[in-house]
1. Kindly check whether there is at least one residue in segment 20-27 that is out of contact with any helix residue (DSSP H, G or I) (no Cβ under 8 Å at 6 or more places or on another chain) and more than 25 Å from Arg129 (Cα to Cα).
2. How about segment 1-48: which of its residues are more than 21 Å from Leu70 (Cα to Cα), in contact with an Asp or Glu (Cβ under 7 Å, 6 or more places away or on another chain), in contact (Cβ under 8 Å) with a residue 12 or more places away in the chain and not basic (Lys, Arg)?
3. Just checking, which of Gly13, Gly87 is at pLDDT 95 or above and within 19 Å of Phe115 (Cβ to Cβ)?
4. Scan segment 11-20 and tell me whether some residue there is in a strand (DSSP E or B) and either exposed (fewer than 12 other Cβ atoms within 10 Å of the Cβ) or touching a Pro at 6+ places or on another chain (Cβ under 6 Å) (or both).
5. Condition check: within 21 Å of Thr128 (Cβ to Cβ) and not in a loop (DSSP other than H, G, I, E, B). Does Phe41 satisfy that?
6. Within 17 Å of Val116 (Cβ to Cβ) and in contact with a strand residue (DSSP E or B) (Cβ under 6 Å, 6 or more places away or on another chain): does that describe Thr4?
7. Find the residue count for segment 76-100, including only residues that are over 21 Å from Cys45 (Cα atoms) and either free of Cβ contacts under 8 Å to residues at least 12 places away in the same chain or not in a loop (DSSP other than H, G, I, E, B) (or both).
Amino acid sequence: MHLTRFVTTREQGSCFEDLELAWPDARTDAFGHVLALSRNFAADCLLATLPVGLDQDWHNAPDRQLVAVLAGRLEVETTDGACRQWGPGGLFFADDTDGRGHRTRVLEGPARLLFVRLAADFDVGVLTRT
């Protein structure tokens, strides 16, 4: 599974980085289905609803956080001018807690999001290494 991460650059701007999630663990359920799993990691979760038309100027992620889009469509812009959009089922990693940050717009909404807030010392390799 693809994961877009946006990070702070050396110049204190932001850019997108493309990662592939790893599924190193597997288990078989009671019905014989093999379930591919990531490694466990500690996190706090928060659900949010953002109104259609929300247009946030440059800001930082308040925490390192995985964001899952449950409904609606939003767009993120980084300081290098790149824009990406996510709709229902989309997942991204907001990891620009310093620097200039990013812009966020809700294109279709309301957008309903699940924020999975990660520790400051979270190792992204937990999600990407097999």
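1. No; the residues of segment 20-27 include none that is out of contact with any helix residue (DSSP H, G or I) (no Cβ under 8 Å at 6 or more places or on another chain) and more than 25 Å from Arg129 (Cα to Cα).
2. Residues satisfying the conditions are Val7, Thr8, Gly13, Ser14, Cys15.
3. Criteria check complete, one pass: Gly87.
4. The answer is yes, given that some residue of segment 11-20 is in a strand (DSSP E or B) and either exposed (fewer than 12 other Cβ atoms within 10 Å of the Cβ) or touching a Pro at 6+ places or on another chain (Cβ under 6 Å) (or both).
5. no
6. So Thr4 fits the description; yes.
7. So the answer is 6.
Residues checked against (1) at negative phi; (2) of a type in the set (A, V, I, L, M):
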position	(1), (2)
Gly53	no, no
Gln56	yes, no
Gln65	yes, no
Trp86	yes, no
Leu91	yes, yes
Asp96	yes, no
His102	yes, no
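The values are calculated or read from the model by the stated rules, or taken from the named source; none is laboratory data. All values reported here derive from a predicted model rather than from experimental measurement. Methodologically, a virtual Cβ is constructed for each residue, glycine included, from the backbone with ideal geometry; neighbour enumeration extends over all protein chains shown.
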